Amino acid sequence: MTQPNDRHDEAHDHAHEEIGRSGRPGYYDIMETAVRELLVERQLIGADEIRRQIELLDSRNPALGAKVVARAWVDAAFRARLLADGRKACEELGISFYDDTQLIVLENTDKLHNLIVCTLCSCYPRPVLGLPPDWYKLKPYRSRAVSEPRAVLAEFGTVIPEDVEIRVSDSTAMVRYLVLPKRPDGTDDYSEEQLAALVTRDTMIGVVPARVGQEAVQP
Amino acid sequence: MKDDAGKTAGPLTGLVFAPGEKPIFRPGERIRIATRSPIGHYRVPLYLRGKTGTIEAVIEPAAIDNEEEGYGRNAGTKRHYYRVAFPMTEVWPGYEGSPRDGLRIEVYETWLERR
Amino acid sequence: MTETQDLVKRLPNDIGGLPAEPIRQVDHALEPWEKRCHALADVLDYHKIINTEEKRCGVEALGAEMIGKLTYYERWIVAFANILFRKGILTPEALARKMAEVEARWDAENGGGKEGAAHRQD
């Protein structure tokens, strides 16, 4: 079976070294440039399309998801719409979905803790969270989140009581997931903006709960 | 079919649906994941083959089989994906967590058998 | 016999439930070429030149060794090349010539050549 992809970190260090020394593009960088230029030359894609898509990708980040969560925390009707149709509710807030995916938002409660994973590849709610972290795409998380979620959560410092169900959603098709974390205690007088600051990427994957004072700690 | 002016028409009769257009399974139904072992592109993990679960939701609209799509077949008969629920204890012998813990996964209609 | 059947029946990316190490919470900011590669995937999908599922299938087809040794976006770009060859959109020769041209262009623009070659990763 494939080994955990530790090699990625090595390769990345080599790439950094190389760029530091001469800035010369590596083999795969050259391959990407060549493929792209050939496709543009043959008019199968436009050069501007790549540029535009990079801008789109750069504009997607966890702050969007945090807005959605904060709104759901303060507006019960919005929360109901969000749980009924995640994509449509995000679009209400101006967060467009540029692909064919749907979104199911998974609400954490006192009795239920949700966790998301893609064991087969790296499906992730990119339109509303941006790109996933490396650990989400590597073997240890993908193989163990689905079979030993409690041990996985413990590695993130999250302990869920045994009488609370852990529910793991494994993406395989066109549905993507977003965890709606529980609103932390002691936030009754927080503004929506202050609430959004508590909602980090990892709370929406489900590996950690949202916590007051946690936002300062997140990288 | 005649209906009174101003009243909502009753169910249409004689309406024919495309193959696969109507979902075969409904929420709450018990199903089993098929035990076939295809080679080539598949989207039902091995850990789930032969397991028994419950339909939680029908995903709309009907869509292309992604196992076919992987080979470039973007068109053809559409069927439904279903969000299926499995207890963790059903999926993993000797599961070391709470007996309440569960798994959810999308599965295409072609992989589901009535229990 | 059974051992080789199991290899064939399990896709190299089908790892749910397999034993694995503790999670190291690693992440990195994408290199510019990686971001371009991701954008390329999205654009190819929009045009249905290579849809997302074809990409996944193409990465699986690289096989366990390459999947284990290439990084995430390295797998994507090699898979794209293979798929484009299979579809007759590009030929291996055209890609090889273009890659040489890209390299030569960089060297010319950066006063490279022999000096640059000395630092090459491969």
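The values are calculated or read from the model by the stated rules, or taken from the named source; none is laboratory data. None of these values were measured; they are calculated from a predicted model. In this analysis, Cβ positions are derived from the backbone assuming ideal geometry, glycine residues included, and neighbour counts consider all displayed protein chains.
Some points to look at:
- For A:Tyr190, the criteria (1) surrounded by 19 or more Cβ atoms within 10 Å (Cβ to Cβ); (2) part of a loop (DSSP other than H, G, I, E, B) hold in every case but one, which is (1).
- Check on A:Asp9, at pLDDT 95 or above and charged (D, E, K, R): no
- Subset tally (residues that are of a type in the set (A, V, I, L, M), at the interface with chain A (Cβ under 7 Å from one of its Cβ atoms) and outside any helix (DSSP H, G or I)) for region C:59-79: 0
- From C:Ile23, C:Ile77, residue being closer than 28 Å to A:Met174 by Cα and touching a residue at least 40 places away in the same chain (Cβ under 8 Å): C:Ile77
- Residues satisfying the criterion are present in region A:88-97 (criterion: within 13 Å of chain C (Cβ to nearest Cβ), in contact with a Pro (Cβ under 7 Å, 6 or more places away or on another chain), of a type in the set (Phe, Trp, Tyr) and over 21 Å from C:Asp27 (Cβ atoms)).
- So A:Tyr124, is it under 24 Å from C:Ala61 (Cβ atoms) and more than 9 Å from chain C (Cβ to nearest Cβ): yes
- Scope region B:73-85; condition more than 12 Å from chain C (Cβ to nearest Cβ) and on the phi < 0 side of the Ramachandran plot; matching residues: B:Thr77, B:Lys78, B:Arg79, B:His80, B:Tyr81, B:Tyr82, B:Arg83, B:Val84, B:Ala85
- Some residue of region C:20-32 being part of a helix (DSSP H, G or I) and among the basic types (Lys, Arg): no
- The residue that is surrounded by the most Cβ atoms within 10 Å (Cβ to Cβ), counting only those in region A:139-173 that are closer than 23 Å to B:Asn66 by Cα and touching a Lys or Arg at 6+ places or on another chain (Cβ under 8 Å), is A:Val168.
- Cβ pairs under 9 Å, 6+ apart, first in region B:49-72 and on the phi > 0 side of the Ramachandran plot, second part of a strand (DSSP E or B) and buried (at least 18 other Cβ atoms within 10 Å of the Cβ): B:Gly50/B:Ile33
- For A:Gly94, the stated conditions do not hold, so it cannot be described as of a type outside the set (Val, Ile, Thr) and in contact (Cβ under 8 Å) with a residue 24 or more places away in the chain.
- Count of region A:174-197 residues, restricted to those that are touching a Lys or Arg at 6+ places or on another chain (Cβ under 8 Å) and touching a residue at least 60 places away in the same chain (Cβ under 8 Å), is 6.
- Positions within region B:26-37 being assigned to a loop (DSSP other than H, G, I, E, B) and touching a helix residue (DSSP H, G or I) at 6+ places or on another chain (Cβ under 8 Å), in sequence order: B:Ala34, B:Ser37
- Qualifying residues in region A:102-120 (those that are part of a loop (DSSP other than H, G, I, E, B) and surrounded by fewer than 20 Cβ atoms within 10 Å (Cβ to Cβ)) - the one nearest to the other protein chains (Cβ to nearest Cβ): A:Lys111
- No other residue among A:Leu57, A:Leu83, A:Leu64 is in contact with a helix residue (DSSP H, G or I) (Cβ under 7 Å, 6 or more places away or on another chain), surrounded by 14 or more Cβ atoms within 10 Å (Cβ to Cβ) and over 21 Å from C:Pro32 (Cα atoms) apart from A:Leu64.
- The combined condition, being more than 12 Å from chain C (Cβ to nearest Cβ) and either of a type outside the set (Ser, Thr, Tyr) or in contact with a strand residue (DSSP E or B) (Cβ under 7 Å, 6 or more places away or on another chain) (or both), is not fulfilled by B:Gly40.
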